[in-house]
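*Asks:* Before I ask anything, here is the structure I am working with.
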Amino acid sequence: IAGITQAPTSQILAAGRRMTLRCTQDMRHNAMYWYRQDLGLGLRLIHYSNTAGTTGKGEVPDGYSVSRANTDDFPLTLASAVPSQTSVYFCASSDSGLAGTYNEQFFGPGTRLTVL
Amino acid sequence: GENVEQHPSTLSVQEGDSAVIKCTYSDSASNYFPWYKQELGKRPQLIIDIRSNVGEKKDQRIAVTLNKTAKHFSLHITETQPEDSAVYFCAATRTARQLTFGSGTQLTVLP
């Protein structure tokens with residue numbers, strides 16, 4: 001693995017079904033993020049994790065949950081999918097570095113999810 | 001929370017001309033402002049960023065300016081080329097991690 005990967009690449013899902021989007025990075029970055037991208041709305045933060053074992057809510061967390069059991073993996077779960085969750089989902093990671101420093105967020109290739 | 005507005009939503013320029021994209025932000029405590037480029041069907045990638053203690057930063061044909069008093073920052077691309085065609089996103093944060101993005105600008109460079 002090189003960088004950050006996501007699976008699946010795309011998925012069509014029936015409303016009400018449970019779905020987990022996977023994200024794995026091999027850069028040993030402390031921080032990881034989940035964004036959704038909708039036309040005309042840019043990228044909106046769903047959940048984030050500053051370090052393994054901790055998570056936090058972003059701008060649009062409702063209907064989503066995350067876990068961070070280790071440094072490399074940051075899965076996003078939709079417990080009961082709804083059509084408004086149709087979107088492209090991007091996972092990202094960054095090296096948290098020292099307090100007050102700013103480090104580039106590296107994005108995964110994205111997952112295109114359609115909820116019918 | 002932070003709110004970032006980005007203009008224009010679409011921009012067409014002739015090859016060789018300059019392009020300017022502008023963003024405003026609401027949180028006066030924001031102090032990091034990155035710009036991302038996203039080509040069609042690809043992931044966003046950082047192209048340039050600026051910290052609040054700097055008014056301008058350049059990297060070859062791209063530059064970013066920041067006006068903290070007015071709470072706006074801009075991306076400037078000179079001598080545009082067809083490969084500059086993409087969607088550009090600005091972002092702002094004061095937490096070093098949780099970025100708030102603008103809605104994006106579709107830049108088209110016409111040959």
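*Asks:* Determine whether A:Gln37 is under 22 Å from B:Gly104 (Cα atoms), within 14 Å of chain B (Cβ to nearest Cβ) and either surrounded by fewer than 16 Cβ atoms within 10 Å (Cβ to Cβ) or under 12 Å from the mean Cα position of the chain (by Cα) (or both).
*Replies:* So A:Gln37 passes the test.
*Asks:* Also: Within the stretch A:74-91, how many residues turn out to be assigned to a loop (DSSP other than H, G, I, E, B) and surrounded by 14 or more Cβ atoms within 10 Å (Cβ to Cβ)?
*Replies:* Number of matching residues: 4.
*Asks:* Another one. Working carefully through the options B:Val54, B:Val13, find the one that is β-branched (Val, Ile, Thr) and at pLDDT 95 or above.
*Replies:* When all the criteria are applied, what remains is B:Val13.
*Asks:* If a residue counts only when it is under 28 Å from A:Asp95 (Cβ atoms) and within 9 Å of chain A (Cβ to nearest Cβ), which strands (runs of 3 or more DSSP E) contained entirely in chain B have at least 1 such residues?
*Replies:* Fully inside chain B and qualifying: B:4-7, B:32-38, B:45-51, B:86-92.
*Asks:* Moving on to the next point. Residues A:Ala15, A:Ala7: which one is touching a helix residue (DSSP H, G or I) at 6+ places or on another chain (Cβ under 8 Å) and modelled with pLDDT of 95 or more?
*Replies:* None of the other options fit; the residue is A:Ala15.
*Asks:* So, one more: Inside the stretch A:1-73, counting only strands (runs of 3 or more DSSP E) that do not spill past its ends, which hold 2 or more residues that are under 26 Å from B:Glu5 (Cα atoms) and out of contact with any Ser or Thr (no Cβ under 7 Å at 6 or more places or on another chain)?
*Replies:* A:31-38, A:42-49
*Asks:* Could I ask something else about it? Which residues, taken from the stretch A:42-67, are among the hydrophobic types (A, V, I, L, M, F, W, C) and loosely packed, with under 14 Cβ neighbours inside 10 Å?
*Replies:* none
The values are calculated or read from the model by the stated rules, or taken from the named source; none is laboratory data. Quantities reported herein were computed from a predicted structural model and do not represent experimental measurements. Here the Cβ is made from the backbone with ideal geometry for all residues, glycine too, and neighbour counts use every protein chain on show.
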